[in-house]
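The values are calculated or read from the model by the stated rules, or taken from the named source; none is laboratory data. As the structure is a prediction and not an experimental result, all values here were calculated from the model. As a convention, Cβ positions derive from the backbone with ideal geometry for all residues, glycine included, and neighbour counts pool all protein chains shown.
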Amino acid sequence: MQQPKGILVPVGGAEDKGTDLEAGIIERNRLHFFEIGILKRIAELLPTQDSVIEVITTASSIPDEIGENYREAFAKLGYPNVGHMRIRNREDVAEYIPRLQKCQAILFSGGNQLRLSSIFGGTDFLDILQTRYQNERLIIAGTSAGAMAMSNNMIYEGNAGRAHLKGEVRMTSGLGLLNGVIVDSHFDKRGRFARLAQAVAANPGAIGIGLGEDTGVIVRNGEDIEAIGSGAVTIVDGRHILHNNIADIEFGMPISVEGLVVHILSMGNTYNFKTRVFSEGNVPVPVGHPLE
């Protein structure tokens, strides 16, 4: 299968949209964050500032507020052509296909990822989205639920406090843009390592990606990722699992797994899904650092 020409940007949630820009440039960890922020990185992937960005708020319970929030955020960055695809059910999907065919970027908002898979699954809209991603330089970003839905195997439920117990992590089919990958979001603040570990233990050929808040990855060629944002990206690789009891225990019993390989990426670090090789990458130097 040929490598896709499109670019994916799954984001762990709570990405900084520059809402405090009027009060001055945000600074975190002595980096001018708004200048290297996630939305700016997404925007810079577009061919021109006149590119059309469509925000899909299907997963959200407050679609109008979220759509307007993103419109204002991208406008501050100099990208005024932002549309809102207000798709609430399967009956709405078809009318937005002409806009899908014309845009240069799609952004799926956060919310409930099961709404994304149940509303878009099996539709012409999803077929066109997958085809454009495969054959064109379409940018597809997603935050929180929008990030988790990108994979072919998608976590849709699982209490972090009980995720070490068999059956507590529930999965279904996602949007099928990332193959052999399982994405989890809000990874650090909500303590979701055990949740992703169980998902990988049940699918050891897959690579788990845990995205911290205000953190994401840029996926090029369907396999090369670069960490972006202010937090950590956790990679969970099950290829070298030796012991795994998940198939043999009863539901509700604790799982045990030996041989999970874990990597932690910060901004600028890279990883390849195919070779499973980590690289330090082009790591930016903080402002005021001796190496500056």
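Quick one: count up the residues across the stretch 194-211 that are surrounded by fewer than 24 Cβ atoms within 10 Å (Cβ to Cβ) and over 21 Å from Ala247 (Cβ atoms).
0
Would you check which residues across the stretch 277-292 are part of a loop (DSSP other than H, G, I, E, B) and either at pLDDT 95 or above or of a type in the set (A, V, I, L, M, F, W, C) (or both) and list them? Steps first, answer last, please.
We begin by selecting, within the stretch 277-292, every residue part of a loop (DSSP other than H, G, I, E, B); these are 280-292.
Scanning the stretch 277-292 gives Val283, Val285, Val287, Leu291.
Spot the failing condition for Ile87; the list is (1) buried (at least 20 other Cβ atoms within 10 Å of the Cβ); (2) aliphatic (A, V, I, L, M); (3) modelled with pLDDT of 95 or more; (4) closer than 23 Å to His186 by Cα, and only one is missed.
Status for Ile87: all satisfied but (4).
Rundown of residues vs (1) surrounded by 16 or more Cβ atoms within 10 Å (Cβ to Cβ); (2) at pLDDT 95 or above, yes/no style:
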residue	(1), (2)
Ile56	yes, yes
Ala75	no, no
Asn81	yes, yes
Glu91	no, yes
Ile97	no, yes
Leu100	yes, yes
Ala105	yes, yes
Phe108	yes, yes
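Looking at (1) of a type in the set (A, V, I, L, M, F, W, C); (2) farther than 27 Å from Ser266 by Cβ; (3) at pLDDT 70 or above, can you tell me which one Val11 breaks?
(2)
For every residue, the table says whether it meets (1) in a loop (DSSP other than H, G, I, E, B); (2) among the β-branched types (Val, Ile, Thr); (3) within 21 Å of Met154 (Cβ to Cβ).
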residue	(1), (2), (3)
Arg190	yes, no, yes
Ala197	no, no, yes
Ala201	no, no, yes
Gly208	no, no, yes
Val219	no, yes, yes
Val236	no, yes, yes
Leu242	yes, no, no
Asp248	yes, no, no
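Which residues, counting only those in the stretch 58-73, are surrounded by 16 or more Cβ atoms within 10 Å (Cβ to Cβ) and more than 21 Å from Leu116 (Cα to Cα)?
If the condition is that a residue be surrounded by 16 or more Cβ atoms within 10 Å (Cβ to Cβ) and more than 21 Å from Leu116 (Cα to Cα), then Ala73 is the only one that fits.
Look at the stretch 134-186 and say how many of its residues are closer than 15 Å to Ser118 by Cα, assigned to a strand (DSSP E or B), in contact (Cβ under 8 Å) with a residue 40 or more places away in the chain and among the aliphatic types (A, V, I, L, M).
2
Please find, within the stretch 119-133, the residue that is nearest to Ile62 (Cα to Cα) out of those that are polar (S, T, N, Q) and touching a residue at least 12 places away in the same chain (Cβ under 8 Å). Talk me through it step by step, then tell me what you get.
First pass over the stretch 119-133, keeping only residues polar (S, T, N, Q): 123, 130-131.
Filter once more, so that each one left must be touching a residue at least 12 places away in the same chain (Cβ under 8 Å): 123, 130.
Values: Thr123: 24, Gln130: 26 Å.
Here the residue is Thr123.
Here are some residues: Ser144, Ser173, Ser151. Which one is among the small types (Gly, Ala, Ser), at negative phi and either at pLDDT below 95 or buried (at least 24 other Cβ atoms within 10 Å of the Cβ) (or both)? It would help to see each step written out before you state the result.
Numbers: Ser144 fails: at negative phi; Ser173 fails: either at pLDDT below 95 or buried (at least 24 other Cβ atoms within 10 Å of the Cβ) (or both).
That would be Ser151, the only listed residue that is among the small types (Gly, Ala, Ser), at negative phi and either at pLDDT below 95 or buried (at least 24 other Cβ atoms within 10 Å of the Cβ) (or both).
So which residues in the stretch 194-214 are modelled with pLDDT of 95 or more and in contact with a Ser or Thr (Cβ under 7 Å, 6 or more places away or on another chain), if there are any at all?
Passing the criteria: Gly210, Leu211.
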